[in-house]
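A short worksheet on the structure shown next.
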């Protein structure tokens, strides 16, 4: 008999600087093991996608909307026994009016990291527009993943991903060529158009991030130099031309391997905010920087964490002047998922602890969204030998 997990709604009162912050847990009901969440707020809706698995060989991608204070009955988008399922390279989704675009990763060969990005385009009602089509059209048996998707202004979608099509070839020194980052648009009928390579050398497996302003989309990612400097870079498309990638900030973090810890960007009109993880000074740190309207470069980074950071950041604009950032950090007692409010002028609030968590892979990458002026956070917990999703709502009034 299948086991059903139920998380009941309850309230946690957190005291912070003589104020009380209410954290309300939202029940999640679904069978099997559930992980790899993607949380999205857009066009007056809050939605959640995730992967459910009954065993390691069978997986399915599901989608639910948050309505009337609860998660609705889930829709099954796709199923497979040949997927690549990974805590860090999780499916993304986006909504544009009545359309939803999702992705999952499908093995293309027997190698551990040989897989393609498979897209599904459908209506919120479940009506299929285009099913199981490949995003990367290179035909190379290599790694393709770490997808980010947002809606565009043409009833379609912007999409970016890490692409390993060049890694099967070798440089003159005998080493494999690096991963790249690419961009494309998906039309309302599922056509892949305006594809472009944005950077010819990136970190192998850090999550990507994308946002859109009035001037066009911006893509943020972890770069990789020949000297193994792996700082956060950005590039923006202005007047249909992609600008030369530039650092958000020169951390000068040299690391001979991917930290699997990507950045997050959000936009408010023509203002941007980026948060990221670095160990450039020997201390694990989460930082945040703003790019204000008509300025060409991001401002000085603002330190977020109070203890040793684990990263896995997310952030969203709360209003025109403030963002909420989520992050993980560890002290002598435990590991915690926390949020802070940061103003565009650099004022940082006291931390709010969402939960004590597992610092390992089971927690995945926590997700943060703003919906109806409330803060929503979703992450993965491990209960009775299975992964399950936990979601909470926080009123930001006293943060």
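The values are calculated or read from the model by the stated rules, or taken from the named source; none is laboratory data. Since this is a predicted model, take the numbers as computed values, not measurements. Counting neighbours? That spans all protein chains shown, and the Cβs are built from the backbone with ideal geometry, glycine included.
The figures follow:
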{"read-out": "Residue within the range 253-263 that is part of a strand (DSSP E or B) and closer than 20 Å to residue 238 by Cβ present", "value": "no"}
{"read-out": "Residue within the range 260-283 that is surrounded by fewer than 22 Cβ atoms within 10 Å (Cβ to Cβ), closer than 18 Å to residue 148 by Cβ, modelled with pLDDT of 95 or more and out of contact with any strand residue (DSSP E or B) (no Cβ under 7 Å at 6 or more places or on another chain) present", "value": "yes"}
{"read-out": "Selection within the range 191-230 - assigned to a loop (DSSP other than H, G, I, E, B) and buried (at least 18 other Cβ atoms within 10 Å of the Cβ)", "value": "203, 204, 205, 206, 207, 208, 224, 230"}
{"read-out": "Set 398, 362, 294, 387: member being out of contact with any strand residue (DSSP E or B) (no Cβ under 9 Å at 6 or more places or on another chain) and modelled with pLDDT under 95", "value": "294"}
{"read-out": "Scope the range 221-232; condition under 21 Å from residue 166 (Cβ atoms) and under 16 Å from the mean Cα position of the chain (by Cα); matching residues", "value": "221, 222"}
{"read-out": "Total residues in the range 221-252, condition free of Cβ contacts under 8 Å to residues at least 12 places away in the same chain and under 16 Å from residue 288 (Cα atoms)", "value": "0"}
{"read-out": "Residue check for residue 286: modelled with pLDDT of 95 or more and not in a strand (DSSP E or B)", "value": "no"}
{"read-out": "Filter result for residue 46 (within 22 Å of residue 338 (Cα to Cα), touching a strand residue (DSSP E or B) at 6+ places or on another chain (Cβ under 8 Å) and surrounded by 14 or more Cβ atoms within 10 Å (Cβ to Cβ))", "value": "yes"}
{"read-out": "Counted residues, the range 151-165 - those being more than 16 Å from residue 196 (Cβ to Cβ) and at pLDDT 95 or above", "value": "2"}
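Listed here are the residues, each with its yes/no results for (1) surrounded by fewer than 17 Cβ atoms within 10 Å (Cβ to Cβ); (2) under 16 Å from residue 182 (Cβ atoms).
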site: 103; (1), (2): no, yes
site: 108; (1), (2): no, no
site: 139; (1), (2): yes, yes
site: 149; (1), (2): no, yes
site: 155; (1), (2): yes, no
site: 159; (1), (2): no, yes
